[in-house]
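The values are calculated or read from the model by the stated rules, or taken from the named source; none is laboratory data. Keep in mind that what you see is a predicted model, and the values were worked out from it rather than measured. Glycine gets a Cβ as well: all are built from the backbone with ideal geometry, and neighbour counts include every protein chain shown. Note: accessible area is taken over every heavy atom of the protein model, side chains too, but ligands, DNA and RNA are not part of it. Shrake-Rupley method; radii C 1.70, N 1.55, O 1.52, S 1.80 Å.
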Amino acid sequence: MTTNHLMIIDPAVVKPALESFNRIASIAPYPVTYHLPALYGTTSLRMYNNNVRGVIVMGSAASVNDNNKWQQDISDIMIDASSKGIPVLGLCYGHQLIGHIYGGKVEPLWSGEKKQGERVVHVKKSEVWGESSSGPLLYSHQDGITKVPPGFEVIAESDLVSADAIASKTEPVWGFQTHLEATQAFVDDHNLPVKDATESFRFGHAILDKFLSLIHI
């Protein structure tokens with residue numbers, strides 16, 4: 001029987017976000033499993049889809065509108081978990097996937113190449129994230145949620161993206177367009193035009209770590 005665990009799903013199609021996973025695993029007070037469905041298939045998702053107590057879906061160069069087979073498997077896990085009251089967090093691609101599967105709309109936010117760098121995000125006051133706060137966060141994307149799904153609300157915004165984070169009104173589901181999980185490896189691998197991302201790491205990790213505290217093994 002699979003031990004109670006946090007399931008981290010990395011839909012990377014080029015290079016896994018291993019350093020981001022390692023940071024989460026090193027501070028989580030419970031077991032964490034890591035899955036790479038786009039690169040290595042969905043067998044591990046099925047093997048470990050028992051006793052899941054939390055789900056994090058990270059970023060990807062893929063689009064949720066591609067409707068890949070492995071994307072459907074991720075979606076099934078997210079919907080099943082949230083319906084049971086298990087916390088689910090989507091980051092970048094994961095955020096867009098939440099918008100996609102719950103009835104919202106995901107489209108390119110601008111023409112041409114994806115944009116990337118650092119932007120100031122304003123997070124609203126909530127029981128989960130605490131008092132309202134603002135800070136820099138790292139981003140690298142072209143698509144975004146252009147129509148918030150029914151039953152969800154915007155909980156963070158920026159000058160660049162109006163729905164920078166969303167939350168379900170009835171289930172423990174949250175999505176952030178920015179990369180809360182980012183580490184220096186993410187900056188280097190994506191060639192982000194950011195000289196010093198220290199404050200972005202601090203602000204993003206603080207939000208992500210609050211999610212980790214919601215998980216009761």
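Overall, the accessible surface of the chain at a probe of 1.4 angstrom is composed of carbon and sulfur to the extent of 50 percent.
When peptides 120-131, 139-150 are ranked by their average number of other Cβ atoms within 10 Å per residue, the highest-first order is 139-150, 120-131. Between segment 99-131 and segment 194-215, the alpha-carbon centres lie 16 Å apart.
Here the Karplus relation 6.51 cos²θ - 1.76 cosθ + 1.60, evaluated at θ = phi - 60°, turns the backbone of segment 8-14 into coupling constants of 9, 10, 10, x, 3, 10, 10 Hz, with x for every Gly and Pro. Taking only Cα atoms and a 10 Å spring cutoff, compute GNM fluctuations for the chain and point out the largest among 202, 119, 46. Looking only at 202, 119, 46, the largest GNM fluctuation is found for 46. Solvent-accessible area per residue in the chain equals 45 Å², computed with a 1.4 angstrom probe and all protein chains kept.
Across 18, 97, 180, mean-square fluctuation computed from a Gaussian network of the chain (C-alpha pairs under 10 Å connected) peaks at 18. With the largest listed first and rounded to whole Å, the semi-axes of the equivalent ellipsoid of the chain from the Cα gyration tensor are 23, 19, 19. Per-residue ellipticity at 222 nm from helix content only, as computed over the chain with -39500 (n - 2.57) for each DSSP H run of at least four residues, stands at -8500 deg cm²/dmol. Scanning the chain for DSSP H helices at least 30 Å long along the axis (C-alpha atoms) with a Kyte-Doolittle mean no lower than 1.0 picks out nothing.
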